[in-house]
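A.B. asks: Pasting in a structure now, in structure tokens, and then I'll have a few things to ask.
The values are calculated or read from the model by the stated rules, or taken from the named source; none is laboratory data. Keep in mind that what you see is a predicted model, and the values were worked out from it rather than measured. Cβ: placed from backbone, ideal geometry, glycine included. Neighbour counts: every protein chain shown. The protein model used for the area step is the full one, side chains on, heavy atoms only, and it has no ligands, DNA or RNA in it. Shrake-Rupley method; radii C 1.70, N 1.55, O 1.52, S 1.80 Å.
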Amino acid sequence: MKKLILLCLAFAFVFNSGSGQDNSVVKPNYELASRFSAKKVSKMVFTTAVQPRWFKNSNQFWYSYQTTQGTSYYIVNPATATKKLLFDNVKLAAQLTEIVKDPFDAQNIPIEKLKLVDDKKFTFEIKSSAEQEVKDEKTGKPKKEKRVFGFEYDIATGQLTQIKDYKSDKPYPRWGSVSPDKRYVVYSKGFNFWWMDMENFEKARKNEEDTTIVEHQLTTDGTRVFSYGGGNSDPYADEKELKKRFYPQIVWSPDSKYFAFTKTDESKVKDLWVIDILAEPRPKLETYKYQMPGETGAPVEHLYQFSMESKKASEVKIKQYKDQDLRLQAAPRKLKDMSDDIQFVQWLGNENGFYVWRISRDMKRWDLCYSKLGVDTLKVLVKESMNTYVETRATKLINKGKEFIHWSERSGWAHLYLYDENGNLKNAITSGDFHVEDVTAIDEVNRVVYFTANAREAGENPYYTHQYRVNFDGTGLKLLNAGDFNHEAVSSDDGKLFVDNYSRVNTTPASALYNNLGQKIMDLEKADLSLLFAAGYKFPETFKIKAGDGITDLYGVMYKPFDFDSTKKYPIIEYVYPGPQTEAVNASWNKSMERIDRLAQFGFIVVTVGNRGGNPARSKWYHNYGYGNLRDYGLEDKKVAVERLAAKYPFIDINRVGIHGHSGGGFMSTAAILTYPDFFKVAVSNAGNHENNIYNRWWSEQHHGVQEVVTEKDTTFKYSIDKNTQLAKNLKGHLLLITGDIDNNVHPGNTFRMVNALIRANKRFDMLVLPGQRHSFGDMTEYYFWKTGDYFCKHLLGSSKEDIEIPEMNNN
């Protein structure tokens, strides 16, 4: 009798499950995914950080901040710890309406080109809906365009004045490098250097085709493969391109008498091609120079000093390592000068010379050198070496180079070191188990350096960055912005003040003002996320787990569907980027959700988590863990992370695991499904460098390693790496490969070679080629998103667009 009752109950349960709705089954939620497209989120979330624009002659600054109530403009006075509205928006809207004759209100004032002038007034312009007839600068013929009104606003009196006969200035052309004294404007054209004066640059600002522009040629021996102008000169330019002006990539001396530049001989670098099938009137072959790992025929760099007085270049002897690289160092530009749209880059140095990095091809040796004007050799100041590879940051000069601060990972952690002008180490400024990220300001008088660092504060996520101060002699180290958040500091030029923009992935971004003693002067803003929460948004969750070695801590973020139900079982998807230059794990909140928060809304748990060999913002050991094993080093940690999370959270279905990534993440996601074919069931891999032997030399050789072989006759380089194509036979799950057909970063050949290997292994897979798209997929990102969602829904949830109505692909 008991058996009969149990059988009847079981039958009833099965019957009810079959005829009714099974509430334990997760069904794809296309509507929720559609609700949080990038375009829609951009209309729900506006400003999330304060970007201060400093007054030139005081410590005041101004900023704009947009919320659901419109855009407001503020002036902050740190001395009085106050901020005030620059405009009374209600009054301003009424005044502008009377003058422009277009209706405005306090929430809708289309201010453009707002600029502080002499710390006393602001200028800005308003475009009217009314048209006026003007003279076309290029053709000289009349044309109609929107009328533009110019205004001045006096800060002290609050008086608004219309600028009579106002003409909107175009920005200066981006191809001109202007000398610090504004006497010269240098640019590249036809593979050579040219120059003009500011008067003619002003003409070019109005009309670049003005035939009265006077320009002077500085060099005449530039060629297609040995050109002046750095990477902006296309060796395969047609006659029309040869007439165009390009930014010259030079660095100026402080007194404007000289500039320095590198000139690269690419004659032995092999060509690579993509075909733009959408070009009109017929498909076009694009040819470019591209050196691959281990190849001979490297670009050869030459270093020059150029005198604007004599109009002659002098070459500096630099040869030390075969196939070496050079990197000119630039002086940091003061924030108070950022309002000027004129482009110039000043060299790091003084009137007598400049600093340059010389780097061996295997990147195991970096030499910090000084090039003195009139001297044709380099002076080596600091030599860095590692058995893996060296990385560094910009050198910081003190008293015009009498001393300098040097960033190095020589101790296994990134720290600052003080040197004298001759390259003699005076002392370590920082030390310990933490990572110095960069110097933000220097107080030379009081001998204090301000810097950002992470992994120092106990109990915090080691990726959370803070602002610190320390004396040049290493004493007085002090945290300036405490709080369990990721802090992004924007310092004033003298370091006495900084704006602290802070958040975590699970907190609303906020901003505050601090002084150089770590005292909070005032809170500034908190981002307005009200519309986002009203749409159903929920913060993700952070977690910490152990890596595959059971020792190393890994940090990650879990994104759940906003309609999450803990009684249901959800497939899990890892969004990955292996590094080694970064990890795909957010530390701060931001509104970019496409591959994480938004993907989760279909009905998935999406996680991002680090891996040994990933982010450089930890120890050198952690960062270089994958050296020599670029394909496989991060895979174990990705698998172990899901296993540990599934063991902890019963709502994660360990039997339905997906993985997804772009570029290096495309490479990693394919490697994962082929290395652990019984674990990862679905992978979507975008623009992956599946065969790193055909990716660019610099990234592959640096992070995987290249062997330098020195003999009596020559120095050669050997490169060998495991490739995804070697694992094609292992595929069991569902794999979607996506590439843009004119990707000139990760060449489409990477994906097509993967396709070939899968076909040869007799494996079924899926592929999507995006026509006319480069590495980031451009205007097809929304289409790619829905295709990715379809694929995971079909193979992890059991249904996709075939039985669920999908939003329009172009409806963002």
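A.B. asks: Restricting the first residue to the range 305-317 and requiring it to be outside any loop (DSSP other than H, G, I, E, B), which pairs with a second residue that is among the charged types (D, E, K, R) meet a Cβ separation below 6 Å and a spacing of at least six or different chains?
C.D. replies: 316/376; 317/376
A.B. asks: I want to confirm something. Restricting to the range 123-138 and keeping residues that are open to solvent by less than 60 Å² (accessible area, probe 1.4 Å) and of a type in the set (Gly, Ala, Ser), which single residue is modelled with the lowest pLDDT?
C.D. replies: Going through the range 123-138, the residues open to solvent by less than 60 Å² (accessible area, probe 1.4 Å) turn out to be 123-126, 128, 130, 134, 136.
From the residues that got through so far, the ones that are of a type in the set (Gly, Ala, Ser) too are 128, 130.
Numbers: 128: 93, 130: 88.
My answer is 130.
A.B. asks: Residue check: is residue 165 more than 23 Å from residue 255 (Cβ to Cβ), open to solvent by less than 60 Å² (accessible area, probe 1.4 Å) and charged (D, E, K, R)? Quick ask: steps written out before the conclusion?
C.D. replies: Working: more than 23 Å from residue 255 (Cβ to Cβ): yes; open to solvent by less than 60 Å² (accessible area, probe 1.4 Å): no; charged (D, E, K, R): yes.
Answer is no for this residue.
A.B. asks: For the range 643-654, give me each residue that is touching a helix residue (DSSP H, G or I) at 6+ places or on another chain (Cβ under 9 Å), open to solvent by 10 Å² or more (accessible area, probe 1.4 Å) and not charged (D, E, K, R). Can you show your working first?
C.D. replies: Filtering the range 643-654 for residues touching a helix residue (DSSP H, G or I) at 6+ places or on another chain (Cβ under 9 Å) gives 652-654.
Still in the running and open to solvent by 10 Å² or more (accessible area, probe 1.4 Å): 653-654.
Matches in the range 643-654: 654 only.
A.B. asks: May I ask you to list pairs of residues, at least six apart or on different chains, whose Cβ atoms are under 8 Å apart, with the first in the range 416-433 being closer than 16 Å to residue 394 by Cβ and the second being open to solvent by 10 Å² or more (accessible area, probe 1.4 Å) and β-branched (Val, Ile, Thr)?
C.D. replies: Within 8 Å, the pairs are 416/439.
A.B. asks: Taking the range 539-569 as the region of interest, how many residues are assigned to a loop (DSSP other than H, G, I, E, B), crowded, with 16+ Cβ neighbours inside 10 Å and aliphatic (A, V, I, L, M)?
C.D. replies: Of the residues in the range 539-569, 1 are assigned to a loop (DSSP other than H, G, I, E, B), crowded, with 16+ Cβ neighbours inside 10 Å and aliphatic (A, V, I, L, M).
A.B. asks: Now, a different point. From 518, 536, which residue is in a loop (DSSP other than H, G, I, E, B) and either closer than 30 Å to residue 641 by Cβ or of a type in the set (Val, Ile, Thr) (or both)? Before you say what the answer is, go through the steps one by one.
C.D. replies: On the way: 518 fails: either closer than 30 Å to residue 641 by Cβ or of a type in the set (Val, Ile, Thr) (or both).
Answer to the check: 536.
A.B. asks: Can you list the strands (runs of 3 or more DSSP E) lying wholly within the range 49-143 that have 2 or more residues being within 35 Å of the chain's Cα centre (by Cα) and among the hydroxyl-bearing types (Ser, Thr, Tyr)?
C.D. replies: Values: elements: 61-67, 70-77, 82-85, 112-117, 121-135.
In the range 49-143, 61-67, 70-77 are the strands (runs of 3 or more DSSP E) which contain 2 or more residues that are within 35 Å of the chain's Cα centre (by Cα) and among the hydroxyl-bearing types (Ser, Thr, Tyr).
A.B. asks: Can you find, within the range 311-348, the residue that is modelled with the lowest pLDDT among those that are among the β-branched types (Val, Ile, Thr) and closer than 24 Å to residue 266 by Cβ? Spell out how you get there, then give the answer.
C.D. replies: Residues of the range 311-348 that are among the β-branched types (Val, Ile, Thr), as a first pass: 316, 318, 342, 345.
With closer than 24 Å to residue 266 by Cβ added as a condition, the list becomes 316, 318, 345.
Working: 316: 98, 318: 96, 345: 92.
The selected residue is 345.
A.B. asks: Could you tell me whether residue 414 is surrounded by fewer than 19 Cβ atoms within 10 Å (Cβ to Cβ), touching a Pro at 6+ places or on another chain (Cβ under 9 Å) and more than 24 Å from residue 314 (Cα to Cα)?
C.D. replies: no
A.B. asks: It is to be established whether one or more residues within the range 369-381 are under 30 Å from the mean Cα position of the chain (by Cα) and either open to solvent by 10 Å² or more (accessible area, probe 1.4 Å) or touching a residue at least 12 places away in the same chain (Cβ under 8 Å) (or both).
C.D. replies: yes
A.B. asks: Among the residues of the range 349-361, are any buried (at least 19 other Cβ atoms within 10 Å of the Cβ), at pLDDT 95 or above and within 30 Å of residue 61 (Cα to Cα)?
C.D. replies: Applying the first criterion (buried (at least 19 other Cβ atoms within 10 Å of the Cβ)) to the range 349-361 yields 349, 353-361.
Pick out the ones that are also at pLDDT 95 or above and you get 349, 353-361.
Those left that are additionally within 30 Å of residue 61 (Cα to Cα): 349.
There is at least one residue in the range 349-361 that is buried (at least 19 other Cβ atoms within 10 Å of the Cβ), at pLDDT 95 or above and within 30 Å of residue 61 (Cα to Cα).
A.B. asks: Report the residue count in the range 712-739 for those that are within 34 Å of the chain's Cα centre (by Cα), among the hydroxyl-bearing types (Ser, Thr, Tyr) and open to solvent by less than 40 Å² (accessible area, probe 1.4 Å).
C.D. replies: Within the range 712-739, residues that are within 34 Å of the chain's Cα centre (by Cα), among the hydroxyl-bearing types (Ser, Thr, Tyr) and open to solvent by less than 40 Å² (accessible area, probe 1.4 Å) number 2.
A.B. asks: Looking only at the range 766-797, which residues are of a type in the set (Ser, Thr, Tyr), closer than 18 Å to residue 593 by Cβ and assigned to a helix (DSSP H, G or I)?
C.D. replies: Just the residues of the range 766-797 that are of a type in the set (Ser, Thr, Tyr), to begin with: 776, 781, 783-784, 788, 791.
Filter again for closer than 18 Å to residue 593 by Cβ, leaving 776, 781, 783-784, 788.
Across the range 766-797, the qualifying residues are 781, 783, 784, 788.
A.B. asks: Condition check: open to solvent by 20 Å² or more (accessible area, probe 1.4 Å), more than 28 Å from residue 699 (Cβ to Cβ) and not charged (D, E, K, R). Does residue 314 satisfy that?
C.D. replies: yes
A.B. asks: Go through 197, 165, 154 for me and flag whichever is of a type in the set (Asp, Glu) and at pLDDT below 95. Steps first, please.
C.D. replies: On the way: 197 fails: at pLDDT below 95; 154 fails: at pLDDT below 95.
Within the list 197, 165, 154, the selection yields 165.
A.B. asks: Let me ask you something else. Counting only residues that are of a type in the set (Lys, Arg) and either at positive phi or assigned to a loop (DSSP other than H, G, I, E, B) (or both), how many does the range 395-448 have? Steps first, please.
C.D. replies: First, the residues of the range 395-448 that are of a type in the set (Lys, Arg): 396, 400, 402, 410, 426, 447.
If we keep only those that are either at positive phi or assigned to a loop (DSSP other than H, G, I, E, B) (or both) too, we end up with 400, 402, 410, 447.
Result for the range 395-448: 4.
A.B. asks: Looking at this structure, is residue 68 β-branched (Val, Ile, Thr), surrounded by fewer than 18 Cβ atoms within 10 Å (Cβ to Cβ), within 22 Å of residue 523 (Cα to Cα) and in contact (Cβ under 8 Å) with a residue 60 or more places away in the chain?
C.D. replies: Values: β-branched (Val, Ile, Thr): yes; surrounded by fewer than 18 Cβ atoms within 10 Å (Cβ to Cβ): yes; within 22 Å of residue 523 (Cα to Cα): yes; in contact (Cβ under 8 Å) with a residue 60 or more places away in the chain: yes.
Yes, satisfied.
A.B. asks: When the range 183-219 is examined, which residues are found to be closer than 15 Å to residue 243 by Cα and acidic (Asp, Glu)?
C.D. replies: 208, 209, 210, 215 - these are the residues of the range 183-219 that are closer than 15 Å to residue 243 by Cα and acidic (Asp, Glu).
A.B. asks: Sticking with this structure for a sec: Could you figure out which of (1) part of a loop (DSSP other than H, G, I, E, B); (2) open to solvent by 20 Å² or more (accessible area, probe 1.4 Å) isn't true of residue 709?
C.D. replies: (1)
A.B. asks: Go through (1) more than 22 Å from residue 204 (Cα to Cα); (2) in a strand (DSSP E or B); (3) in contact (Cβ under 8 Å) with a residue 12 or more places away in the chain; (4) open to solvent by 50 Å² or more (accessible area, probe 1.4 Å) and name the single condition residue 156 misses.
C.D. replies: Condition (2) is where residue 156 drops out.
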